[in-house]
Every structure is written in C-alpha cells, then in structure tokens.
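Quick notes on the structure that follows.
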Amino acid sequence: MKRFLNSRETLVTEALDGFLRSPAGAGLCRLDGYPDIRVLLRRDWDRNSGRVAILSGGGSGHEPAHAGFIGKGMLTGAICGSLFASPGIDAILAGIIAVTGDAGCLLIVKNYTGDRLNFGLAAEQARDMGLKVEMVVVADDISLPDHREARGVAGTVLVHKIAGHFAEEGQSLEKVAAFARQTAAKIRSIGLSLSDCYTYDDRFETRLDDHEAELGLGIHGEPGAKRIAMAPADGLVELAASALEATLPKDDARYALLFNNLGSTSILEMAVLVEAFSKTTLSSRIEFIAGPSHFLTALDMYGFSLSLIPLDSHVEEALRAPVDPKAWTGIAAWRAPALIATPSMPEIFSETPSANARLRKVVERGAATLLENEEALNALDARIGDGDAGSTFAETARVIRDSIDRLPLSDPKALMQTVGRLLSRHAGGSSGVLLSIFFAAASRSEQDRWQAALLEGVEAMQAYAGAREGDRTMLDALIPAVRALDDDEAWDTVVRAARDGADRTAGMRKAGAGRASYVSADHLENVPDPGAEAIARLFEAMKPEA
C-alpha cells in the first residue's frame, strides 16, 4: 500500500519536526533527545507561574492528539511514543521534570496497560524527586461492557480541555485532578468504522469487505466489538447512537457531543453523519457539539466516533473557554439549520402555454433519444472523462419532457426564454448550464429570425465556456448545425453538419476545453467527444416527419 514515508522507524520523529515547522507548531518546542525522548512543549511555559502543568501522551498515530492540543488552555506538553506504542519511562519523566514547578503536574492517560504502567512509574520516580504529580486515567469506551478495563478513546480530548481550562485558571493540583477524574468517569464514547487502519506493515490485509463495518472499535486497529452489515449513513449512525444512549442514566441530563473523525472520512461525509445523528433520539439530549473534526484518530481508519459528556456549569464553562490550539475547533450550540426566506426568483413559466403539434413531436423525439442513449454516452465519457455525460444530457431531456405541457411552443422567443430558465433551475452539469445560456441568450436577441437568434446563443456559450469550434466539445457539432439552420438548409444538411462535426472530434488528439483537455492524446484517439456525439444524435432524432 502506497504511503508518504521514508521508513517506519523514522516516521514519528520526522512527523514531529514537520509539525513544529508548521503554523500549528509555531508556539511549541521539543526536548533535544531524539529518538528516545520525543517530548513537545509550550515555548511560553513558565514553571514558576503558579499554574498546574498538564501532560498527556501515548502512542503516535492519533494525530492531532496529542501534540495538536498543546497550548494555552489545554496541554502544557505531550510525550509521544512510537506508532501505537507507549512512550518510554525516561521520556515521560523528562517531560514531567521539564514542566513541573511548585504547583505540580497532572498526567492524563488513556486506559491501556503500557500507558498506565509507563506513566505511572515515571510519576512515582518524579514524586521521589520531590515533584507533585497526579495521574488521571481515561476509560470512556462503552463497547466492551463485560471487560474489566474500558479503553481510553476520543473522550480523552474532553479531559484535556476541561483540565487544561481549570489549570489555566490557577486551580490547585488537587482540584484540577479531582475535577478531571470526576468528568472522565462520566464520559462515554463509541466508534464505528468501514475499514481497519494501515499500520505501515507490508503484510497488512484488511479484515473487512465492502459489505461490512465494525461497531465498537478501538484506536489501534484492533477489531471492533461487533461486525455489522454495511448500511446507509442514517442506519449506521443510529446503531452507534443507540448503543451510546443505552448506557446513559434515565434522567434529564444534557450533554455535549464530540464528533470525531477517526482518520480518513471525508469532510463531506462527516457532515452527512452529523445530519444522520440529528435523526436519532439521542440528539434530543445534546446541548453542544464539538466537530465534526479530527480530534483523536486511528491513522487512516475510515470511520467516526461519538463521545458524550454530561453538562453542568463547570463543564460548560471549561468547554466554551477559548484556547490557543487550533486542533480544538470549539463548540457550538446543537441546533436546527438556520433558515431565511429565499428571495423572489424569476418565474420559469411566465408565458402562457401554447400548442404546436409538429414542434412537440420533434421535442419529444429528441428527449426520448437522449434518454435512450444515457448509458451509451456515459460509457463513451468514461473513456475520457468522469462518465456522466449521458446522465447530464438525460436529465436535461427529462426536465424538458416533463414540462412540455407548460411550454409556449407556438412562440419561439418565449419558448427559448422558458427553456433557458427551466434548464438553469433544474439541469445539472456544465452541459446543462451551457444549454441554458444558449437558450437564454437567444431569447434576448433582436433578430427577426429565430435561427439567427440561435447563433447569438452559440456566441454566448463560447464566451462563458471559453471554448470554440475545434476545441473538441459539443460546440463542434452544435455550431455547424446552427449555422446550417440560419442558412435555411434542408434538415438533412443540418443533421449532416452536426454528425460531421461530432465525427471530426474523434480525430482530434488535443482538447482545448472541458475535462478532456486534461487527458493525454493516447486516450483521446478515435474517441468522439461525448457532448458532440449527444448533439449529433439529438439532431438526427429531431428530423421533422415528412
């Protein structure tokens, strides 16, 4: 599997230095101890400030956790282990010594054996040195109810935020630690993923096929608590939300939700998942939402996790307080989408419908042809583009066919104006927009003849599209056909002009516009432009009956 790295051994150290060079790391520094000591700290930290230091850490691969949350209001520093491996005791101890003053230091640790042992032993050694150190273990995963030790997952970031806030406020170590423990005990999280994660191991084999997902998974690539069937977004989110809701007390508590991207889920899909969550019964108990965003990931896992924390005045104050780390994207009130009235739009069907039996038959034949050729044109487009040309033209045809009883068929100018508005409102893709421009410009023409007006429509298409005849687009068929129309040629001549123009595009080894302009000549050879081919087939079908 292809990845951007030099070696697995240098992955973490190179990533940390790259992070420090970036804007997100501008206020940070690291202890000089690579590769054994990988500790990142606030550059502005003063051990004598009287404030409690907050440290967290663990294995790398969960970015932006942990280093992404270093800064005023959250972590003082992060101790970074190798990929999914706890940092060594010396590294943790070095971090503690570097940041701990008289006010003491709080360690926030996820509930994994290596982290508990290594951070715990380092804390004991620091206490032997006379330093005040407390440790909070986060165990927020609810997916394995029968296991004695719940895992620490994305809810850990909420503990970072809450403890960091009260430390910044100047609270004592005892109070900060006590509050962190109380809130950590109330946080509940569950994850759902469509994939496992790639751990930079050439022997990697995925355990999930295209029909499976996992519910209740950890953050180190381990299998989920339950393998489930793939389903639409609404159904998957409902499963996760229901599992989470089943663990909540039967009270009227209000919650903040942390909506976490486990790694590779697209921004678009994460927004879909938030909308899916709004349809669950659990959403009625949500007061605030953080995210959706990357908070604590599992490398490239394609999934999400939900974390809940019950609200009181202290928790709400801590969560809403501004902080320096940009990885904390803030919280906002959970709410319905805000709406304002749509402004008045031009009326599509402003002209009185009128009949023209002969033209109606022509339009219906043309629409039927584009619909019948949808798959063929898509297949042609797939060879040089994104494979949707047929669907785009079919949608245009469908819009016109379904509105034919409302069209002013006996008035060419009004007809072109109506079709232009109709396509602008409902047709998709660039071809639909261009045809809308074509008819709209033609309808505004001062020409007496509708054929001449169509030439002005063609000129407008060229102006907006930046294309011209010879650029291997639908204009190569449309322009010759419209030119023949204006010359009052017989329909056979118009059809032949469109067909010849489309056929010529198959010999054009370079496109001057459109998606094909990014395709190499080898892929274009002997393949006609799908748009030009659609126009040629349209004119062939629209030939008037004798």
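The values are calculated or read from the model by the stated rules, or taken from the named source; none is laboratory data. Predicted model only: the values in this text are computed from it and were never measured. Cβ sites come from the backbone with ideal geometry, for glycine too, and all protein chains shown count toward neighbours.
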**Q.** strands (runs of 3 or more DSSP E) lying entirely in segment 184-267 (those with 3 or more residues that are closer than 25 Å to R335 by Cβ, touching a helix residue (DSSP H, G or I) at 6+ places or on another chain (Cβ under 9 Å) and among the aliphatic types (A, V, I, L, M))
**A.** 255-261
Q. Among the residues of segment 158-168, is there at least one that is touching a residue at least 60 places away in the same chain (Cβ under 8 Å) and either surrounded by fewer than 16 Cβ atoms within 10 Å (Cβ to Cβ) or among the basic types (K, R) (or both)?
A. yes
Q. Within segment 456-472, is even one residue under 39 Å from the mean Cα position of the chain (by Cα), modelled with pLDDT of 90 or more and among the polar types (S, T, N, Q)?
A. yes
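Could you grab me the full set of residues in segment 412-456 that are charged (D, E, K, R) and either in contact with a helix residue (DSSP H, G or I) (Cβ under 9 Å, 6 or more places away or on another chain) or under 18 Å from A477 (Cα atoms) (or both)?
If we filter segment 412-456 for residues that are charged (D, E, K, R), which is where we start, we get 413, 421, 425, 444, 446, 448-449, 456.
Matches in segment 412-456: K413, R421, R425, R444, E446, R449, E456.
Is it true that some residue in segment 121-132 is touching a Lys or Arg at 6+ places or on another chain (Cβ under 9 Å), under 27 Å from D324 (Cβ atoms) and surrounded by fewer than 24 Cβ atoms within 10 Å (Cβ to Cβ)? Write out each step before concluding.
Filtering segment 121-132 for residues touching a Lys or Arg at 6+ places or on another chain (Cβ under 9 Å) gives 126.
Filter once more, keeping what is under 27 Å from D324 (Cβ atoms): 126.
Within this subset, residues satisfying the condition of being surrounded by fewer than 24 Cβ atoms within 10 Å (Cβ to Cβ) are 126.
Yes: segment 121-132 contains one or more residues that are touching a Lys or Arg at 6+ places or on another chain (Cβ under 9 Å), under 27 Å from D324 (Cβ atoms) and surrounded by fewer than 24 Cβ atoms within 10 Å (Cβ to Cβ).
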Q) Failed condition for A229, given (1) modelled with pLDDT under 95; (2) aliphatic (A, V, I, L, M); (3) surrounded by fewer than 12 Cβ atoms within 10 Å (Cβ to Cβ), with all others met? A) (1)
Q. Surrounded by fewer than 17 Cβ atoms within 10 Å (Cβ to Cβ) and modelled with pLDDT of 95 or more - does that describe any residue in segment 250-266?
A. yes
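Where in segment 282-387 are there helices (runs of 4 or more DSSP H), lying fully within it, with 3 or more residues that are touching a Lys or Arg at 6+ places or on another chain (Cβ under 7 Å)? Show your work before the answer.
Values: elements: 313-320, 357-372, 374-382.
Here the list reads 357-372.
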Q) Is there a residue being surrounded by 13 or more Cβ atoms within 10 Å (Cβ to Cβ), among the aromatic types (F, W, Y) and under 30 Å from K72 (Cβ atoms) anywhere in segment 384-397? A) no
